[in-house]
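The values are calculated or read from the model by the stated rules, or taken from the named source; none is laboratory data. Just so you know, these numbers come straight off a predicted model, no measurement behind them. Quick reminder, even Gly has a Cβ in these numbers, built from the backbone with ideal geometry, and neighbours come from all protein chains shown.
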Amino acid sequence: MATLSFNAARLRTPPPQSLKPNLNFPSFVKPANVLSQSMPRNRLLVQKFHLNSVSEGSVSTQKDAEVGEEDGEEDQAQEEEDYDDPTAELSYLDPETDPESITEWELDFCSRPILDIRGKKVWELVVCDDSLSLQYTKYFQNNVINSITLKDAIESISEELGLPLPEKVRFFRSQMQTIITKACKELGIKPVPSKRCLSLLLWLEERYETVYTRHPGFQKGSKPLLALDNPFPMELPENLFGERWAFVQLPYSAVQEEISSLKTRYVFGAGLDLDLLGIEIDDKTLIPGLAVTSSRAKPLAAWMNGLEVCALEADTSKASLILSVGISTRYIYATYRKTPVTTSEAEAWESAKKSCGGLHFLAIQEDLDCDDCVGFWLLLDMPPPPV
């Protein structure tokens with residue numbers, strides 16, 4: 001079992017039980033043998049995550065390199081005091097990171113299971129980048145929650161830490177879309193509704209355990225005010241249909257090749273920086289995925305690329321595959337004839353995905369004999385954060 005942590009932690013994962021590389025049941029149109037074991041390059045992966053913690057002692061305000069030893073000791077004492085204080089706010093930028101390189105932020109603006117002195121729920125703004133080189137938190141009263149407050153806070157982060165405003169801001173709560181979108185657009189920032197905010201989601205989970213539960217106003221058993229949507233799946237738009245599909249698996253080494261090819265071969269898709277997330281997987285570990293072939297693979301991959309693909313799920317009760325994109329959109333991506341054999345294969349694929357902590361992928365190819373993908377998305381199916 002692999003674990004997941006921040007700040008250079010590493011995990012080890014025993015190889016899970018392998019899946020059958022090719023399934024022989026109906027797909028979009030007909031059965032497919034995609035990414036087969038005989039191919040020299042393409043195979044599929046599996047893995048599992050567990051959250052450790054971000055050390056808040058390592059996310060204190062950057063200190064001047066020339067401070068005296070006495071001042072340094074005072075600062076260290078203050079850091080330790082802040083670490084013990086769950087009401088403390090964070091404002092941190094890794095001094096080794098080029099501020100100009102942080103062009104995308106991940107943002108959550110939501111209530112927490114904490115009451116203030118008025119007996120009202122405290123709201124919190126949490127901002128980071130995908131590597132957690134940027135970490136910022138700030139508490140707010142519930143009567144100032146609007147786009148103006150958020151716009152001013154985003155500008156304050158930029159000014160306080162010497163950061164340029166980001167090009168994009170990703171967020172995962174549909175209920176906050178209006179406020180976040182308005183604040184971002186007034187600043188010339190592109191708002192991106194997406195559950196591909198993995199660093200943020202994991203950090204929120206860690207903060208729940210190490211910060212919120214220790215806060216003097218913490219309300220045990222309090223349910224999230226803005227629960228994540230899980231709507232019924234819709235019919236897939238015609239332009240997103242493939243022609244064939246198959247459950248497949250790739251060794252982790254091959255997955256790394258596909259991720260690196262996103263830049264070198266200008267392939268459509270998106271990766272996950274598993275090193276930055278603290279995940280260590282053996283190169284031979286198999287990761288499960290779904291391979292889709294189409295004679296119009298490049299246009300299909302281009303359309304998929306604009307959807308913020310989040311996860312795939314095998315729904316064995318309805319003999320279908322569900323594609324989640326954005327923050328609250330789910331599609332019936334494919335169906336198959338329900339038999340004991342196909343149900344067993346779908347259950348095995350879903351089980352392998354869960355044994356990897358939700359890690360899986362989507363690959364789009366031109367035909368069955370092609371070694372390369374024209375689209376490749378590394379995906380992580382995660383439970384919602386506890387806040």
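Which pairs do you get when a residue that is under 14 Å from residue 134 (Cα atoms) and assigned by TED's automatic domain parsing to the domain that holds residue 195, found in segment 155-180, comes within reach of a residue that is assigned to a helix (DSSP H, G or I) and at pLDDT 95 or above, reach meaning Cβ atoms under 6 angstrom, with the pair 6+ apart or on two chains?
From segment 155-180, the pairs are 162/99; 163/99; 165/158; 169/184.
Return the residue satisfying two criteria in turn: it lies in segment 315-350 and is buried (at least 16 other Cβ atoms within 10 Å of the Cβ) and among the small types (Gly, Ala, Ser), and of such residues it is nearest to residue 305 (Cα to Cα).
The residue in question is 326.
Is it the case that segment 296-310 has a residue that's closer than 17 Å to residue 354 by Cα, within 18 Å of the chain's Cα centre (by Cα), assigned by TED's automatic domain parsing to the domain that holds residue 348 and crowded, with 18+ Cβ neighbours inside 10 Å?
yes
Name the residues in segment 350-366 that are in a helix (DSSP H, G or I) and out of contact with any Leu (no Cβ under 6 Å at 6 or more places or on another chain), would you?
350, 351, 353, 354, 355, listed by residue number.
Of (1) touching a Ser or Thr at 6+ places or on another chain (Cβ under 9 Å); (2) modelled with pLDDT of 95 or more, residue 121 satisfies all except one. Which?
Among (1) touching a Ser or Thr at 6+ places or on another chain (Cβ under 9 Å); (2) modelled with pLDDT of 95 or more, the lone unmet condition for residue 121 is (2).
Give 264, 210 a once-over and let me know the one that is free of Cβ contacts under 8 Å to residues at least 40 places away in the same chain and of a type in the set (Ser, Thr, Tyr).
264
So, residue 311, is that one in contact (Cβ under 8 Å) with a residue 12 or more places away in the chain and part of a helix (DSSP H, G or I) or not?
No, not satisfied.
When you scan segment 164-192, how many residues do you find that are among the aliphatic types (A, V, I, L, M), assigned to a loop (DSSP other than H, G, I, E, B) and surrounded by 19 or more Cβ atoms within 10 Å (Cβ to Cβ)?
Final tally of qualifying residues: 1.
Please verify whether residue 137 is of a type in the set (Val, Ile, Thr), touching a residue at least 40 places away in the same chain (Cβ under 8 Å), in contact with a strand residue (DSSP E or B) (Cβ under 9 Å, 6 or more places away or on another chain) and surrounded by fewer than 17 Cβ atoms within 10 Å (Cβ to Cβ), treating the condition exactly as stated.
Criteria not met by residue 137.
How about segment 175-198: which of its residues are among the hydroxyl-bearing types (Ser, Thr, Tyr) and in contact with a Pro (Cβ under 7 Å, 6 or more places away or on another chain)?
181
Exactly one of these conditions fails for residue 382: (1) within 24 Å of residue 232 (Cα to Cα); (2) surrounded by 23 or more Cβ atoms within 10 Å (Cβ to Cβ). Give me its number.
(2)
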